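Data block below; observations after.
The values are calculated or read from the model by the stated rules, or taken from the named source; none is laboratory data. Since the structure is predicted, the reported quantities are computational estimates derived from the model, not experimental observations. As a convention, Cβ positions derive from the backbone with ideal geometry for all residues, glycine included, and neighbour counts pool all protein chains shown.
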Amino acid sequence: MLRRIQRMLAARPVADQNPVAHELRSLVPENDRSLDIVAAKIGLVLLMIHSDQKVEQDERDFLVRRVQAELRLEGPDATRLADQLLEIPEERLELVHLGRTLAGGVSEDERRVFLGELFGLAASDSDFHMLEERDLRVLAEALQLTRTDFVALRREIMNRE
């Protein structure tokens, strides 16, 4: 039974595993590994934005800046793409898959910095939810970061508030 489930999961189309990559490939048709990394980062940002069930303006602005930086899009193009990506339902974004994709493509220092940015995003609305902390804890594991890294980043963010 377990093998059958594993085969079913492995056979799922890539769009099901990372719908952000699917959206980005419509803009950048090359099958570039770096696009998978960019899509994983943006997908994780989307997960954090949706984790408290509301999209605040500062969260939307963070996403637009991430789209601008990662894809070198400017102004209205970045805003339009960010709004399009915000329409992806949270349940289609797989935290562990996105985290593992990122872990396989960037250095440990980059993963640590990125997790810190997500902590900042989660705390930006001055209401750090238990669900956000749970997601960040699971993500830290998927990113192959230590519990010590997680605790240090959490403490740093909490001390800023």
How many residues are in contact (Cβ under 8 Å) with a residue 60 or more places away in the chain and not in a loop (DSSP other than H, G, I, E, B) if we restrict to segment 69-98?
5
If we keep only residues of segment 115-126 that are more than 14 Å from the chain's Cα centre (by Cα) and small (G, A, S), then the residue modelled with the lowest pLDDT is S126
Say we look at segment 135-161 and pick out the residues that are modelled with pLDDT of 90 or more and of a type in the set (K, R); which of these is nearest to D52 (Cα to Cα)?
R137
Which pairs do you get when a residue that is within 23 Å of S107 (Cβ to Cβ), found in segment 19-44, comes within reach of a residue that is at pLDDT below 70, reach meaning Cβ atoms under 7 angstrom, with the pair 6+ apart or on two chains?
A21/V14; L35/V28
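One line per residue, one yes/no per condition, for (1) at pLDDT 90 or above; (2) more than 24 Å from E156 (Cβ to Cβ); (3) in a helix (DSSP H, G or I):
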| residue | (1), (2), (3) |
| --- | --- |
| K41 | yes, no, yes |
| Q53 | no, yes, no |
| D61 | yes, no, yes |
| V67 | yes, yes, yes |
| R100 | yes, yes, yes |
Scan of segment 110-159 for residues that are over 22 Å from D58 (Cα atoms) and among the acidic types (D, E), ordered by number:
E110, E141, D149
Members of segment 65-114 found to be surrounded by fewer than 17 Cβ atoms within 10 Å (Cβ to Cβ) and more than 15 Å from the chain's Cα centre (by Cα), listed by number:
R72, E74, G75, P76, D77, R80, D83, Q84, S107, E108, D109
